[in-house]
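**Student:** Once you've had a glance at the structure underneath, I'll fire off some questions.
The values are calculated or read from the model by the stated rules, or taken from the named source; none is laboratory data. Values in this document were obtained by computation on a predicted structure and should not be read as measured data. Every residue, glycine among them, receives a Cβ derived from its backbone with ideal geometry; neighbour counts consider all protein chains shown.
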Amino acid sequence: MEKIASFQVDHTKFSTGMYISRIDDDIVTYDIRMVKPNGGVYISSPSLHTIEHLFATYARNSEFGRNIVYVGPMGCRTGFYLLTRGISHEDAIKLVREAYTFIADFTGEIPGCSAVECGNYLEHDLESARRDVLPLLDAIKDYTVDMLDYSYHFGK
């Protein structure tokens with residue numbers, strides 16, 4: 001079998017941030033790393049689950065909602081994938097900033113958090129989710145499109 005694109009990136013050379021993982025025709029996959037890969041700190045499953053609910057809800061209700069193909073967590077628990085169609089890289093950065101700010105400030109009932117709506121509705125942690133999005137928000141506060149390329153960060 002061929003090695004998939006995400007396994008061909010040297011995970012020891014980049015850190016917290018947002019990257020273009022791949023482009024397939026008109027679909028762009030963004031790699032949103034909330035913690036350094038293999039850095040010894042990972043997002044807990046309850047926090048990741050809560051971020052997923054809030055991120056997906058925000059993204060699909062944003063001005064770019066119809067351009068969102070998928071929002072989902074990475075199995076390694078270091079971040080999320082965001083798949084979009086028909087929005088600029090600048091707007092993708094804007095969307096992630098706004099979504100993560102929404103999560104950091106969120107209070108109240110987590111969307112989709114009932115036995116009817118979710119397959120594991122008891123495994124959520126809003127306080128951890130609010131805290132866990134802060135490093136990414138800090139990392140992308142001055143992000144530019146150039147910084148979406150993994151190689152931009154390899155020398156740093």
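**Student:** Name the pairs: first residue in region 16-31 and free of Cβ contacts under 8 Å to residues at least 12 places away in the same chain and among the aromatic types (Phe, Trp, Tyr), second residue surrounded by 15 or more Cβ atoms within 10 Å (Cβ to Cβ) and not in a strand (DSSP E or B), Cβ to Cβ under 7 Å, at least 6 apart or on different chains?
**Tutor:** none
**Student:** Based on this model, can you work out whether Leu95 counts as assigned to a helix (DSSP H, G or I) and either touching a His at 6+ places or on another chain (Cβ under 6 Å) or without any contact (Cβ under 8 Å) to a residue 40 or more places away in the chain (or both)?
**Tutor:** Judged against the criteria, Leu95 is a match.
**Student:** I've got another one for you. Could you list, in sequence order, all residues of region 59-73 that are touching a residue at least 40 places away in the same chain (Cβ under 8 Å) and within 12 Å of the chain's Cα centre (by Cα)?
**Tutor:** Selection gives Ala59 alone.
**Student:** Follow-up question, since we're still on this one. Cβ-Cβ under 9 Å, sequence separation 6+ or interchain: first residue in region 1-12 and closer than 18 Å to Asp149 by Cα, partner aromatic (Phe, Trp, Tyr). Which pairs?
**Tutor:** Ser6/Tyr81; Val9/Tyr19; Val9/Tyr150; Asp10/Tyr150; Asp10/Phe154
**Student:** So which residues in region 1-15 are out of contact with any helix residue (DSSP H, G or I) (no Cβ under 9 Å at 6 or more places or on another chain) and either assigned to a helix (DSSP H, G or I) or crowded, with 19+ Cβ neighbours inside 10 Å (or both), if there are any at all?
**Tutor:** Answer for region 1-15, where residues must be out of contact with any helix residue (DSSP H, G or I) (no Cβ under 9 Å at 6 or more places or on another chain) and either assigned to a helix (DSSP H, G or I) or crowded, with 19+ Cβ neighbours inside 10 Å (or both): Ala5, Ser6, Phe7.
**Student:** Restricting to region 16-37, name every residue that is surrounded by fewer than 16 Cβ atoms within 10 Å (Cβ to Cβ) and either touching a Cys at 6+ places or on another chain (Cβ under 7 Å) or small (Gly, Ala, Ser) (or both).
**Tutor:** none
**Student:** Among the residues of region 51-67, write down those that are within 17 Å of Arg130 (Cβ to Cβ) and not hydrophobic (A, V, I, L, M, F, W, C).
**Tutor:** Glu52, His53, Thr57, Tyr58
**Student:** Could you tell me whether any residue of region 108-127 is part of a helix (DSSP H, G or I), modelled with pLDDT of 95 or more and either among the β-branched types (Val, Ile, Thr) or in contact with a helix residue (DSSP H, G or I) (Cβ under 7 Å, 6 or more places away or on another chain) (or both)?
**Tutor:** Looking for residues that are part of a helix (DSSP H, G or I), modelled with pLDDT of 95 or more and either among the β-branched types (Val, Ile, Thr) or in contact with a helix residue (DSSP H, G or I) (Cβ under 7 Å, 6 or more places away or on another chain) (or both), one finds at least one in region 108-127, hence yes.
**Student:** Those residues that are under 14 Å from Phe80 (Cβ atoms) and among the acidic types (Asp, Glu), I need them from region 37-63; list them, please.
**Tutor:** Of everything in region 37-63, just one residue is under 14 Å from Phe80 (Cβ atoms) and among the acidic types (Asp, Glu), namely Glu52.
**Student:** Which of the residues spanning region 84-115 are within 13 Å of Ala59 (Cβ to Cβ), surrounded by fewer than 18 Cβ atoms within 10 Å (Cβ to Cβ) and of a type outside the set (A, V, I, L, M, F, W, C)?
**Tutor:** Selection gives Arg85, Asp91, Lys94, Arg97, Glu98, Thr101, Pro111.
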